[in-house]
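The values are calculated or read from the model by the stated rules, or taken from the named source; none is laboratory data. Note that the structure is predicted; figures quoted are calculated from it, not measured. All Cβ positions, glycine included, derive from the backbone under ideal geometry; neighbour counts span all protein chains shown. Please note that ligands, DNA and RNA were not included when accessible areas were found on the heavy atoms of the full protein model with its side chains. Shrake-Rupley method; radii C 1.70, N 1.55, O 1.52, S 1.80 Å.
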Protein chains: 6
Amino acid sequence: MFTHMINEKTKLKMLDLRDSEQLFGLTIGSKETLREWLQFIDYTKSVVDTQSFIQSTMKQFSENNGFQAGIWYEGNLAGVIGFHKIDWNNKSTSIGYWLGNDYVGLGLMTASVKAFVDYALKELMLNRVEIRAAVENKKSRAIPERLGFTEEGCVRQAEWLYDHFVDHVVYGILSGDWDENMSN
Amino acid sequence: MFTHMINEKTKLKMLDLRDSEQLFGLTIGSKETLREWLQFIDYTKSVVDTQSFIQSTMKQFSENNGFQAGIWYEGNLAGVIGFHKIDWNNKSTSIGYWLGNDYVGLGLMTASVKAFVDYALKELMLNRVEIRAAVENKKSRAIPERLGFTEEGCVRQAEWLYDHFVDHVVYGILSGDWDENMSN
Amino acid sequence: MFTHMINEKTKLKMLDLRDSEQLFGLTIGSKETLREWLQFIDYTKSVVDTQSFIQSTMKQFSENNGFQAGIWYEGNLAGVIGFHKIDWNNKSTSIGYWLGNDYVGLGLMTASVKAFVDYALKELMLNRVEIRAAVENKKSRAIPERLGFTEEGCVRQAEWLYDHFVDHVVYGILSGDWDENMSN
Amino acid sequence: MFTHMINEKTKLKMLDLRDSEQLFGLTIGSKETLREWLQFIDYTKSVVDTQSFIQSTMKQFSENNGFQAGIWYEGNLAGVIGFHKIDWNNKSTSIGYWLGNDYVGLGLMTASVKAFVDYALKELMLNRVEIRAAVENKKSRAIPERLGFTEEGCVRQAEWLYDHFVDHVVYGILSGDWDENMSN
Amino acid sequence: MFTHMINEKTKLKMLDLRDSEQLFGLTIGSKETLREWLQFIDYTKSVVDTQSFIQSTMKQFSENNGFQAGIWYEGNLAGVIGFHKIDWNNKSTSIGYWLGNDYVGLGLMTASVKAFVDYALKELMLNRVEIRAAVENKKSRAIPERLGFTEEGCVRQAEWLYDHFVDHVVYGILSGDWDENMSN
Amino acid sequence: MFTHMINEKTKLKMLDLRDSEQLFGLTIGSKETLREWLQFIDYTKSVVDTQSFIQSTMKQFSENNGFQAGIWYEGNLAGVIGFHKIDWNNKSTSIGYWLGNDYVGLGLMTASVKAFVDYALKELMLNRVEIRAAVENKKSRAIPERLGFTEEGCVRQAEWLYDHFVDHVVYGILSGDWDENMSN
């Protein structure tokens, strides 16, 4: 029922259980590409796993700890974007996201992340948004770089991916940076 | 972030904790009028009570059992509308609602209930929506009557209100009725 | 250990786990008849399902929300009667019941419902008892009619039964009605 | 609703919340006598404490772990008797009890404990019932002795009572003993 | 990380999940001997059962209700010793223990129980430690007897072991006894 | 009962509830110094708050998510060190610590952190240990620098401290680094 329009063709909507089939289809359809960087894809074996994921995101929302949204493009589910959690004490959050193969290159994710950062800094009144990406994951890193995030460091061997560790680049944007960006 | 536009001036948004102050203010501001039919008003003594209410509605949502929305008119919170619960087995739900004094007579509630019935029957694919109102509560009864609900019965002494029982009129609308209404 | 004698041959006892086998047997023995109006019968596939049911009724009791009793006739379990829940704020409750095939026509259920209504209005000091039955379920409807309940309305398509909706007749009796009935 | 008749004047009934006032009154009325051996009496300061106790006994029942009953004599609450817990694996339980001052000397407790032992060994099919009493608590010890329990040992300093330790005598009766007793 | 040295070759360590494999191996390796008196051995069918046991002991610790320790001898897990629970109100606890076949006769258990009693009476400031053993279990009974516990009674048919009941001897030691023992 | 000896004068012990008084005393005694970097100090108003903290650490342990230890120096509690959590999937953890005023400058923390890193990388078989410190907190930063951690980045405005944000330096050490360090 509730949506956030990004542009005429694109909107965000909080995930609910009725989206399970569509989200499972999207996940499976792009499995080979997504699993390169997202190990959870391999654990998504049936729509029941997707339902569990959505249920956990509804619980996250009900605990006032952020939410996960679907990105809809021309009426189809194109990807997922969400807050990992919200650290209200330190006025800080972090964002994660992925797109199905068919929706890459349309600018959907940059626009969606921009909407989330706006919401976090302007509506939730947070001070800091963080994005982490594997050093070699160029597509993922391009988003914060395009949106003016600052590269703040490199956490070595931060993640175990199937059979090896990957380093994470940490990007951060502060409320002040964002205002400045936007006014340019 | 997520909203449902009813018209240019009016939108619905799921309640979240940041709405607590505004909702508490609305409740207190119309206390004398609202308490005639809504006993919970008397239990709303500080913003903490309103926060507890909103927290319970977020839990309701996370249990896939419906949600409560605020009605915003020209940027101000005007009232509340929500599902009491959703009976998925029997494809049925019921709706409750109230408006602050300053927002009565603008057609906000009829439009909001219409949006909720549409959502329940068209998006959630339910079959039945029920509204109950005290027999003497003419303003509340006018809504389902205006929207083509059928009066199905009168539950005697259904509710204890401060110091006396009140009878409830039961209104119901079925998926088939609604389609017919809408096509007229 | 604890029982309520209805007459020399008939008694009520709160269900406990030791009744599982007997209750499962009764359910299965009358399966074809019962399933016409009670969809849960189809979900009772082994005694484990009956145990889960009984466990849930013990939890209901421990939450001060009513209980389920077995009806024993000449030492055999003949049926089940119970409160769906108790609405203490509005001093109201509702009752459900069923009998095994071999025990129909002996007046057991009318006597048992009478005992439950008495208990609800006289001991629990509630004000209202409700019984709902499918419009076509004549045997079930006969009970509240025989006991002087008032027909208060008809909730259309209230229940999804296998492959179709059924309408529910709502019967209610108030504390004052009951006193009057009894004194006649 | 559900009771167990011991004789014309005496019955047992599982405690429920409506008994709170009466039980609190009984506790307070015999406070000076009871607190000699029952330290919990000092923690019963208002009816809320009694409600908490009853709620905990309802939870005990719902966990299939025994229950607490009130002893009613000529319509008045005279005392409490209950299972501490049920050890289903080892087919064993233990019993505790107390009477209000006004009801001592009427044989109520011996009859009630007899009913409980009967229920445990004949209906619950347990094998062993244990009763423990402080060495100096002659009234309490008289009950198992009168009913043919065997004194099995003395647990030294088993209980801290206000400002000193007391030793516990352990009494046990087995299913075989009980049958033999009863046939004499 | 944390250990308690009993002597150069022997130490105690609270069990944690990394000990699961070793503990499962020890249990299975001595299965035939242990199952004579410990029925739980038969329920230990895979390392998952051992993990569940260890998880339950970590929960016990986190509830301030005692803990289970492994006995390590020359770097190998030799047995288990633990508190069943701690009764803080009555300043009392009880101890259970078992050894793998290869570690019997080395004095490990007497030393370990001595350490536990010391800890209970001197560090936890409890007043009483109890040990129960089946009447026929001579090896188990030898421990409290060697350490100066008093035999306080015999609980008849206290435990159901596969197909028969066994009687339990109750041993207790009080803080005063222990001081006296130690000074001799 | 269980301890880890660091040297003759210094040992680590998991915190338990009996340490509450001592830990509360240490916290309050160094309040003015500690609160410069640790905001939680201001929320420690009575020993009850310290008990809650210790209870939460016992829960952390029981969830296999790390633990908090006290640092004892010559028999007195000198400080606290613990794992924030353990990320078993990515074989990674992070460490936090603080010392009371009277115990600064004795090398206690460097030795304690060394013991924790050893335990994490050698016993828990993790791959990465992280330490974060405020940029201006020189004493805290000196520990990872002394132990050969790599400075990996600076998370801007990571923490809200009373009335301003502070930046965090991120230090990390990997299993391979540590082996190399130790062999030098």
So B:Phe40 passes all but one of these: (1) within 12 Å of another protein chain (Cβ to nearest Cβ); (2) open to solvent by less than 50 Å² (accessible area, probe 1.4 Å); (3) modelled with pLDDT under 95; (4) closer than 29 Å to B:His164 by Cα. Which condition number does it fail? (2)
Any residue at all in the range C:107-116 that's touching a strand residue (DSSP E or B) at 6+ places or on another chain (Cβ under 7 Å), modelled with pLDDT of 95 or more and closer than 16 Å to C:Asn64 by Cβ? no
Taking the condition of being in contact with a strand residue (DSSP E or B) (Cβ under 6 Å, 6 or more places away or on another chain), open to solvent by 20 Å² or more (accessible area, probe 1.4 Å) and either more than 14 Å from chain B (Cβ to nearest Cβ) or modelled with pLDDT under 95 (or both), how many residues in the range A:53-79 meet it? 1
Which of the residues that make up the range E:138-162 are crowded, with 19+ Cβ neighbours inside 10 Å and among the β-branched types (Val, Ile, Thr)? E:Ile143, E:Val155
C:Thr50 is checked against (1) under 23 Å from C:Val113 (Cβ atoms); (2) away from chain D (no Cβ under 14 Å); (3) open to solvent by 70 Å² or more (accessible area, probe 1.4 Å) and fails just one. What number does that condition carry? (3)
Taking only the range D:10-46 into account, find how many residues are β-branched (Val, Ile, Thr) and over 16 Å from the mean Cα position of the chain (by Cα). 3
Among A:Asn89, A:Asn64, A:Asn76, A:Asn101, which is among the polar types (S, T, N, Q) and at positive phi? A:Asn64
Within the range D:122-133, work out how many residues are open to solvent by 10 Å² or more (accessible area, probe 1.4 Å) and in contact with a strand residue (DSSP E or B) (Cβ under 8 Å, 6 or more places away or on another chain). 4
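This table checks each residue for (1) over 14 Å from the mean Cα position of the chain (by Cα); (2) open to solvent by less than 10 Å² (accessible area, probe 1.4 Å).
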| residue | (1), (2) |
| --- | --- |
| B:Ile81 | no, yes |
| B:His84 | no, no |
| B:Ala120 | no, yes |
| B:Val135 | yes, no |
I'd like the full set of residues that are touching a Lys or Arg at 6+ places or on another chain (Cβ under 8 Å) and open to solvent by 40 Å² or more (accessible area, probe 1.4 Å), limited to the range F:86-118. F:Lys91, F:Val104
Candidate set: the range E:3-20, residues that are at the interface with chain F (Cβ under 7 Å from one of its Cβ atoms) and touching a Leu at 6+ places or on another chain (Cβ under 7 Å); chosen: the one least open to solvent (accessible area, probe 1.4 Å): E:Thr3
